[in-house]
Amino acid sequence: MEVPEKQRAVFVDDAGAAALRAAGRLQIGRHTYGAPHVHWWGEDVELRIGAFCSIALGVSFILGGNHRTDWVTTYPFTEFADWPEAHTTPGHPASKGSIIIGNDVWLGSAATVLSGVSVADGAVVAAGAVVTKDVPPYAVVAGNPGRVVAHRFEPDVIDGLLRMQWWNWSDRKIQRRMKGLLSDDVERFVRRNAPAVDHTADNREA
């Protein structure tokens, strides 16, 4: 059977991502692809995305721009030239911090990740989800606000995958292990490839 020509994995910068990159505040891991909307207003934050991440159409990373709901007004007087009296008032626009995306993360179509959030390795963010809190490894998050609705695997399998960190393997090693990576027999793959747990420290403490 003839295999159609495949595209290469590419991360495409929009204006926000380009500005972040120029400021040295954007890190993208190898083989990660997508063309997300990056919203940044100059806050002292970063966007860091790990390797082998899949970013679907319409995904947004909002690194700041939060309006102050604890002030009398939510209007951003500090940001407009019409109001010089406000320009020395700190705290607007507000950000809760950098956005950190782990490795092998799948962000579904039109998902939104807000500032100050970390999405751990292996997690899945469902289409349209709004992520307002940290996401654990290999968790599945859905809804607005996003909540954990499932975990992809059992805890011992997740532990093995995190010890393995296949995304740090060389491309050559990944090619050799491709059949296993594309298998649903995850437990077998973990048994064959995850490093053994070192119980030396536990034995000393016992």
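Each reported figure results from applying straightforward, stated rules to the coordinates on display, with no laboratory input. If you're wondering where the values come from, they're calculated on a predicted model, not measured in any experiment. A quick note on method: Cβ atoms are made from the backbone with ideal geometry, for glycine too, and the neighbour counts reach across all protein chains shown.
Footprinting exposure proxy ranking of Val157, Val148, fewest other C-beta atoms within 10 angstrom first, gives Val148, Val157. When the charge dipole of region 1-152 is built from unit charges on Cβ atoms (+1 for Lys and Arg, -1 for Asp and Glu) and taken about the Cα centre, the candidate among Gly64, Phe77, Ser54 whose Cα reaches farthest toward its positive end is Ser54. For region 131-162 versus region 14-41, the spacing of their alpha-carbon centroids is 24 Å. For region 30-42, the Karplus equation 6.51 cos²θ - 1.76 cosθ + 1.60, evaluated at θ = phi - 60°, returns couplings of 5, 6, 6, 10, x, 9, x, 8, 10, 10, 9, 10, x Hz by residue, with Gly and Pro reported as x. For the chain, a crude dipole built from +1 on the beta carbon of Lys and Arg and -1 on the beta carbon of Asp and Glu, taken about the Cα centre, is about 760 debye to the nearest 20. Proximity of backbone amide H atoms, modeled 1.01 Å from N, is registered between Val140 and Val124, Val149, Ala150, His151, Arg152 at under 5 Å, excluding neighbours fewer than 5 places apart on the same chain. Taking other C-beta atoms within 10 Å as the exposure proxy, Val72, Val38, Val12, Val119 rank Val72, Val12, Val38, Val119 from fewest upward.
Shown here: P(r) over Cα pairs in 5 Å bins from 0, in percent, derived from the displayed model; of the candidates (1) 1, 8, 16, 21, 22, 18, 10, 4, 1, 0, 0; (2) 1, 7, 12, 16, 15, 14, 12, 9, 5, 4, 3, 2, 1, 0; (3) 1, 6, 10, 10, 10, 8, 8, 7, 7, 7, 5, 4, 4, 3, 3, 2, 2, 1, 1, 1, 0, 0, it corresponds to (2). This model, with +1 at the C-beta of Lys and Arg and -1 at the C-beta of Asp and Glu, gives region 28-112 a dipole about its Cα centre of some 360 debye. This model, with +1 at the C-beta of Lys and Arg and -1 at the C-beta of Asp and Glu, gives region 153-206 a dipole about its Cα centre of some 520 debye. Phi-derived couplings, Karplus 6.51 cos²θ - 1.76 cosθ + 1.60 at θ = phi - 60°, listed residue by residue for region 138-151: 6, 8, 10, 10, 9, x, 9, x, x, 9, 6, 9, 5, 10 Hz, with x used for Gly and Pro.
Could you name the lysines whose alpha carbon sits less than 30 Å from that of Lys133, not counting residues in the same chain fewer than 8 places away? Straight-distance partners of Lys133: Lys96.
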